[in-house]
Amino acid sequence: GESVGLHLPTLSVQEGDNSIINCAYSNSASDYFIWYKQESGKGPQFIIDIRSNMDKRQGQRVTVLLNKTVKHLSLQIAATQPGDSAVYFCAENNDYKLSFGAGTTVTVRA
Amino acid sequence: GAGVSQSPSNKVTEKGKDVELRCDPISGHTALYWYRQSLGQGLEFLIYFQGNSAPDKSGLPSDRFSAERTGGSVSTLTIQRTQQEDSAVYLCASSSNINQPQHFGDGTRLSIL
């Protein structure tokens with residue numbers, strides 16, 4: 001089965017609110033995680049990454065949290081905008097191979 | 001542009017034909033990867049190149065699939081005697097090394113009639 005999975009397949013959020021997308025992984029030896037955003041007809045776009053020696057990392061409007069104890073990742077998007085509507089994937093990078101979950105579709109309501 | 005470039009963006013072909021998909025990675029990226037994405041699914045790893053060598057071909061679905069990379073840059077993925085189940089989006093990614101994020105192209109949408 002897949003080593004990385006997402007808790008919810010869809011998320012609807014009001015424009016301006018914060019979004020939280022969750023992801024669970026099963027391989028406790030994994031040490032590098034990446035969040036991607038995929039818009040319709042496009043390839044996955046790198047958002048932010050985090051290594052296992054950290055539990056939090058911030059980017060522009062995004063924060064990734066890593067809880068190694070429960071093997072859980074989350075992506076927080078602040079002040080969600082219409083352009084944030086997309087499918088979000090968490091990926092586990094073991095050496096060179098990315099393992100993706102099925103993704104969470106985020107829809108932003110005006 | 002400076003991103004990963006894939007061609008063609010769309011390909012429609014008849015069952016049994018051969019197809020060749022091209023990937024032009026980000027300049028200077030030594031690592032290159034091919035993935036397949038089927039409708040509504042996550043990404044399936046196919047093959048990884050480090051330079052011109054492919055240390056891991058384990059994800060190639062069958063012997064009808066092959067890939068090569070020349071000059072440490074452009075890669076081609078070839079599917080022989082295509083079948084309908086080969087219909088998918090084929091994505092290429094590259095990275096500066098295996099411990100850095102992979103950056104994806106927009107893929108080739110392959111449809112087998």
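Every number in this text was worked out from the coordinates using simple rules, so none of it is lab data. In this text, all values refer to a predicted model and were calculated from it rather than measured experimentally. Neighbour counts run over all protein chains shown; Cβ positions are idealised from the backbone, glycine included.
Other protein chain C-beta atoms within 10 Å of residue C-beta, averaged over B:92-101: 4.
This model, with +1 at the C-beta of Lys and Arg and -1 at the C-beta of Asp and Glu, gives region A:1-81 a dipole about its Cα centre of some 180 debye. Could you tell me which of rounded, prolate or oblate describes chain A, using a ≥ b ≥ c as the square roots of the eigenvalues of the alpha-carbon gyration tensor, with rounded for a/c under 1.5 and, failing that, prolate when a/b is larger than b/c and oblate otherwise? Prolate shape, in that a/c is at least 1.5 and a/b is the bigger ratio.
Bridges between two residues of region B:1-94, per DSSP, are antiparallel at a rate of about 100%. Per-peptide packing, taken as the mean over residues of other Cβ atoms within 10 Å, places B:22-35, A:97-110 in the sequence B:22-35, A:97-110 from highest down. Of the two radii for chain B, the radius of gyration is 0.95 times the Kirkwood radius, both from the alpha carbons; that is the Rg over Rh value. Residues within the reach of a label modelled at A:K68 (point 7 angstrom out along Cα to beta-carbon, backbone nitrogen below 19 Å), restricted to region A:11-36, are A:23-35. Using the Karplus relation 6.51 cos²θ - 1.76 cosθ + 1.60 with θ = phi - 60°, the per-residue 3J(HN,Hα) values for region B:45-58 come to 5, 10, 7, 10, 10, 10, x, 8, 9, 10, x, 9, 10, 5 Hz, with x marking Gly and Pro. Per residue of peptide A:39-52, the mean number of Cβ atoms on other chains within 10 Å of the residue Cβ is 4. Note on A:Q76 and B:N97: the model spin-label points, each 7 Å out from Cα along the C-beta direction, lie 3.2 nm apart. Per residue of peptide B:42-55, the mean number of Cβ atoms on other chains within 10 Å of the residue Cβ is 3. In order along region A:62-72, the phi-based Karplus estimate (6.51 cos²θ - 1.76 cosθ + 1.60, θ = phi - 60°) of 3J(HN,Hα) comes to 10, 9, 10, 10, 10, 10, 6, 4, 9, 6, 9 Hz; Gly and Pro are listed as x.
Positive end of the dipole of chain A (Cβ unit charges, origin at the Cα centre): among A:S40, A:I77, A:V13, the Cα lying farthest that way belongs to A:I77.
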